[in-house]
Amino acid sequence: MAQHIAQKLRLTAALLGTVARKDLAAAFRGVNPKTAFDLGRADKWLQGRAQPRELSVYDDWSKLLKLEQPGTWIAESDLPGFTAAICARHGVERAELERRVGAQFETASGHEERSLGLALAGTYACYSRALSPYYRGQLIRGSLSIETGPGAHGLTVAYREALPTGQLLLGGLMTSAKRGLYAHLKETGGEAQFFLCLFPHSRPGSVLGGYLCGTTIIGPEPQPSLTRILMIRLRNRAPQGWGGYLPPDGSIADDLASLGVAIEQPEMVDRQLAQFLAGDSKDGGASQIPPAEFRGILDVFDRHWLRHSD
């Protein structure tokens, strides 16, 4: 039964000096051009999410490491035994090999983070449901810029909306995780805050999408709100002053065309985007809790709490 596959692959990569996964796959092809070790599945194997099912992979692995043991031994051996065997075979101290693993992991992680940052960096035209009750059912346009900062984790985000009351500017850091992109944005010189929860980034990265959560900015009272949001990547920055509420009969496709993103079959695209942004909202607006509903519940529990306070 195969065990510790991810750790064994990292030890192998460190021993061979293959930082990138494609280099590790190339090393396997070097001993067997028809190897079942491929880059796509290796990603899961290195993350511990799966393990090779083909025995031939382990046989190729044994040849790669020039071991006397068969492939089944690599699959079934415990980690200390595997480490000792490859260290002895290649004349490497265990402490030195483990040091290489740590350094290699940091290098690979940093490279992937920087690559993602470069892939995400740019300007996006954003479309979401208006949170303000005065513009219920309309779309609001915003612009999002993502820039790479210093270090491996420096993704800086700035989000703008052109409101009737003036420019709204929020900024913060974007975090990339396996299951999504996240950003906590705070208003510059104000109290407004938004939270973005987006689908994971995929190449080439023409669109980001997910949810925007925040409270209403224009309205008689703040309401916690949730709306879907789409971010279309632009090749050039949006013109100064672009944004604000899209007219009720406005076309997203036409709006994007004015920004240099001319899409074929604009009517079909408009329907597709409108359906996505509306989601499960009954009236096409953002998902919001009416203050009166919350206050009714608040009144019940506040009275109960006060009656039973010491």
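The values are calculated or read from the model by the stated rules, or taken from the named source; none is laboratory data. Being a predicted model, the structure only gives us computed values, none of them experimental. Cβ sites come from the backbone with ideal geometry, for glycine too, and all protein chains shown count toward neighbours. Just the protein is used for accessible areas: all its heavy atoms, side chains included, with ligands, DNA and RNA removed. Shrake-Rupley method; radii C 1.70, N 1.55, O 1.52, S 1.80 Å.
Values as computed for the structure displayed
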| quantity | calculated |
| --- | --- |
| Hits in segment 218-276 (condition: assigned to a helix (DSSP H, G or I), touching a Leu at 6+ places or on another chain (Cβ under 8 Å) and open to solvent by 40 Å² or more (accessible area, probe 1.4 Å)) | F276 |
| Qualifying positions in segment 1-17 - under 12 Å from S77 (Cβ atoms), at pLDDT 85 or above and hydrophobic (A, V, I, L, M, F, W, C) | I5, L11 |
| All positions within segment 150-199 that are outside any strand (DSSP E or B) and under 18 Å from Y127 (Cα atoms) | P164, F199 |
| Long-range neighbours under 7 Å by Cβ, at least six apart or interchain, first residue in contact (Cβ under 8 Å) with a residue 12 or more places away in the chain within segment 242-270, second among the small types (G, A, S) and in a helix (DSSP H, G or I) | P266/A253; V269/A253; D270/A253 |
| Criterion: among the acidic types (D, E), open to solvent by 80 Å² or more (accessible area, probe 1.4 Å), under 24 Å from S225 (Cβ atoms) and at pLDDT below 85 - qualifying residue of D283, D302 | D283 |
| Number of the condition not met by L208 [criteria: (1) in a strand (DSSP E or B); (2) open to solvent by 40 Å² or more (accessible area, probe 1.4 Å); (3) touching a residue at least 40 places away in the same chain (Cβ under 8 Å)] | (2) |
| Of residues in segment 187-204 being in contact with a Leu (Cβ under 9 Å, 6 or more places away or on another chain) and farther than 19 Å from T175 by Cα, the one least open to solvent (accessible area, probe 1.4 Å) | A192 |
